[in-house]
Structure formats: structure tokens, C-alpha cells
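Only one structure is covered here, and it is reproduced in the block below.
The values are calculated or read from the model by the stated rules, or taken from the named source; none is laboratory data. Everything numeric in this text was worked out from a predicted model, so none of it was measured. Here the Cβ positions follow ideal geometry from the backbone for every residue, glycine too, while neighbour counts run over all protein chains shown. Side chains are part of the model used for accessible areas, which takes the heavy atoms of the whole protein and leaves out ligands, DNA and RNA. Shrake-Rupley method; radii C 1.70, N 1.55, O 1.52, S 1.80 Å.
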Amino acid sequence: MKKSVRLAATMLAAAALGACGTTNSTTSTNQPFKAAWIYVGTAGDHGWTQAHDDGRKLVEQQLGTAVKTTFKENVPEGPQVEQVVEDLVRDGNKIIFATSFGFQDAMANEAAKHPDVKFEQATGFKTANNLAEYFGAAEDADYLTGMALGAASKKGKIGFVAPFPIPEVIREINAVALGAQATHPGATVQVVWTNTWFDPTKEKQAAQSLLSAGVDAIGQGQDSPATGDAAKAVGIPWSGYDSDQTQYAPDIWQTATVYNWGPYYTKRVQAAIDGTWKSGSYYGNLADGFVDIAPFGKSVSADAQAAINAKKQALISGSFYEFAGPLKDQSGAVKVPSGSKLQLTDILTMDWFVQGVIGNPKGA
């Protein structure tokens, strides 16, 4: 998955998307333009990777014969990614999207080796003339998901199955906690780290440990719906991540933070075809539709839905921001004073938990 520290995300969504072309054309040789994706999981994981693959499929639908796409799945994070990239370049791919944070170093190295190829890294922070970075303000949707969990919890004891202790996940947990406290004052969020993006067995075991500890609502930052399987067995409300996973547990489903990768991918591939592609850092949001929440489950009350939808509009308009002061950390120390708010660079390097989160932000 991907995701993590973004030391620089300076281009607004509209600016990044505006740099992309709109004309559907083929290369000068009338051969289809080749675009490739590298996945950390399987395209059928029903979560993070499937959402990216849905975006790839939209590129095919929108650009038709002008483009030929391919993907490599279950690619381990680390230096071995470079060989995968070399194979893709050798096959003639002219733009390559990497969809996990652990791919970043390899992508940067390969971008330096192949200046005629465009590289795009999801959730990273390194850029170059031919290397761009892209992600979105998932924390806003995470806050809304937290509101649903807080409203669903009777005891105010919420669990969260988390992958890695990195800034993206930490701010996700903080946003969930703050959202939960908005609908259930005093709610806590207990965290269990799995140290994996995609391992359904580990994810389910982590969820079961939280359920045994007495949480009565549970969320996740993982790639699969395994947390939902554990919650379904005991009838505990569950929020997912990455994709609409309602079908796995419709009776307990709340909502989820979801990503709409397709429009971005389509515009970036078209820009590469047209010769208008530019590097940069794209950070999408609720307003441009890059991030959103999945449809509510049938157990989410009308009052909760109304409150969440109202807060969503406030986030879109800018009249509300979840990381505005006063905010305290786990110890009770003030991290953000009243009248102040965290800036993008602050949340992209976040390494502390807000008050009410139970767990170690440095990991297990």
C-alpha cells in the first residue's frame, strides 16, 4: 500500500490535473502507448490494489486503442523492484505507476536511469524531472469513517487494525479517533500493528485480539476485508478501507475511506501520450473527488448519516479541519494550541497519537 511520508506535496489537485492533456491520440508510429502499474498485492485483494487496478481499467476504457496497459502484482517492496521496472522498460512501457511506498527508492533509481520514461509514485515524496508523486487527503475521509464508528459504538471502545507505524497510517488513526470522539465523546481507539499491508491471516488475528479485548466497533488501514470477517463472526460494527467492501458483511458495515484513482491515471497517461506530462506532487481531496467515503451500511442510523454528510460538506468548503487546535497527544500535552492548525508538512510527517488513542505510534 504504499502510502507514507510525503515531505513535499505542493501542487494542488487542480494544478496537477490541469497539467494533463485531453486529446486522445496514439503515438506517431500509430502503435498503442504502453503504460504499466506495479502492485504490492494482488489485483483481486478487494482493497487497495483492486482500487488501483480499477483505475487502470478505466484508462483502458477511456483511451481505447491509444493505450496498452499491463501490471505486475505481488511485487515485494525493496531493491528487487528495479528488476521489475527494467523488464517493463524493456517491454516498451513509457509511463510506470508504482502503488506502494516501499517502491519509492527503486523508482527514483530507475527514473535516473531512464530519462525518456515517465515514473509516478503513489504516496511517496521523491520527485525528479521524470518522477512525480501522487496521493490524497485520506485523513478527511478517515475522520468521517471515525464518526460512523463512534456513533455505532455503545461503549466508546473502538479497535483499529493497522499496517505499519508510518506518518500516513498514524494520521489516519488520529483522524479516525477524532471523528469517533465527535459522535461519541470520550471514545478511545486501540491499535494493533500487523507490520504488513496485505496478509489476511494476520489481519484477522489482529482483529480477533482487539475483539477479545472488548472493543465494540472496529476499523482498519489494511488492504483486505479480513478484519470484517472477524467482526462479522461476533456481530461488531466494522469500517473498511480502500474499497467499498459492503458485500463481505452487509449487516455490520459502516463505511470506508475510498480512493478514485481512475480519473488521475487517465489524465496522466493522456498527458504522457500528448507530450504535456509534467512532474509534481498531487494531493487530491474530497472536493475534487479523489478521496471519498463508501456508501453507508444499513446499520448506520439516519442521524449519524446526516451528521457525517454535514461534516463532509464542511471539510469540502474548508469551514472545518480535523487537525485544528486545541489538540493534545496521548500524554495530555498540547500539540496544537487553540487558534492554530497543522499544516500539510506537519501531517505528512506526523509521528504522534492524539489523546484517546491506545497504542505506540512507533509500532509494537
Residues of the stretch 292-305 being open to solvent by less than 60 Å² (accessible area, probe 1.4 Å) and over 16 Å from Ser153 (Cα atoms), which ones? Asp292, Ile293, Ala294
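Consider the stretch 122-138. How many of its residues are more than 13 Å from the chain's Cα centre (by Cα) and either at pLDDT 95 or above or of a type outside the set (Lys, Arg) (or both)?
8
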I'd like to verify a number: residues in the stretch 246-275 that are within 28 Å of Pro165 (Cα to Cα) and open to solvent by 10 Å² or more (accessible area, probe 1.4 Å), how many? 6
Residue count for the stretch 301-322, restricted to those that are touching a helix residue (DSSP H, G or I) at 6+ places or on another chain (Cβ under 6 Å) and among the hydrophobic types (A, V, I, L, M, F, W, C): 4
Take Glu110 and tell me if it is in a helix (DSSP H, G or I), in contact with a Lys or Arg (Cβ under 9 Å, 6 or more places away or on another chain) and more than 17 Å from Ala307 (Cβ to Cβ). no
Any hit, the stretch 236-245, residues being modelled with pLDDT under 95 and open to solvent by 50 Å² or more (accessible area, probe 1.4 Å): yes
Is there any pair with a first residue in the stretch 146-165 that is polar (S, T, N, Q) and a second that is in a strand (DSSP E or B) whose Cβ atoms are under 6 Å apart and which are 6 or more apart or on different chains, and what are they? Ser153/Ala217
Name every residue in the stretch 139-154 that is hydrophobic (A, V, I, L, M, F, W, C) and either open to solvent by 10 Å² or more (accessible area, probe 1.4 Å) or at pLDDT below 95 (or both), in order of residue number. Ala151, Ala152
Checking Leu286 against (1) at pLDDT below 95; (2) in a loop (DSSP other than H, G, I, E, B), the condition it does not meet: (1)
Is it the case, given these coordinates, that Ser239 is in contact (Cβ under 8 Å) with a residue 12 or more places away in the chain, of a type in the set (Ser, Thr, Tyr) and under 22 Å from Val191 (Cα atoms)? yes
Select from the stretch 114-138 the residues that are surrounded by 23 or more Cβ atoms within 10 Å (Cβ to Cβ), farther than 25 Å from Tyr241 by Cα and of a type in the set (D, E, K, R) and list them in ascending order. Lys118
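Go through the stretch 36-53 and give me each residue that's within 11 Å of Trp197 (Cβ to Cβ), assigned to a loop (DSSP other than H, G, I, E, B) and either open to solvent by less than 20 Å² (accessible area, probe 1.4 Å) or not hydrophobic (A, V, I, L, M, F, W, C) (or both).
Initial filter on the stretch 36-53 (within 11 Å of Trp197 (Cβ to Cβ)): 39-41, 45, 47-49.
Now narrow it down to the ones that are assigned to a loop (DSSP other than H, G, I, E, B): 39-41, 45, 47.
Hits for the stretch 36-53 are Tyr39, Gly41, Asp45, Gly47.
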Among the residues that make up the stretch 59-71, is at least one of them within 24 Å of Pro163 (Cα to Cα) and open to solvent by less than 20 Å² (accessible area, probe 1.4 Å)? no
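Conditions tested, residue by residue: (1) in a strand (DSSP E or B); (2) in contact (Cβ under 8 Å) with a residue 12 or more places away in the chain; (3) closer than 22 Å to Ala66 by Cβ.
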position	(1), (2), (3)
Phe97	yes, yes, yes
Asp116	no, yes, yes
Glu120	yes, yes, yes
Lys126	no, yes, no
Ala132	yes, yes, yes
Pairs where the first residue, in the stretch 209-225, is under 14 Å from Val189 (Cβ atoms) and the second is crowded, with 24+ Cβ neighbours inside 10 Å and of a type in the set (Asp, Glu), C-beta under 6 Å, 6+ apart: Gly221/Glu172
Considering (1) in contact with a helix residue (DSSP H, G or I) (Cβ under 8 Å, 6 or more places away or on another chain); (2) among the β-branched types (Val, Ile, Thr); (3) modelled with pLDDT of 95 or more, say which one Ile170 fails and leave the rest. (1)
If we keep just the residues of the stretch 317-364 that are open to solvent by less than 60 Å² (accessible area, probe 1.4 Å), outside any loop (DSSP other than H, G, I, E, B) and at pLDDT 95 or above, which is nearest to Ala187 (Cα to Cα)? Val357
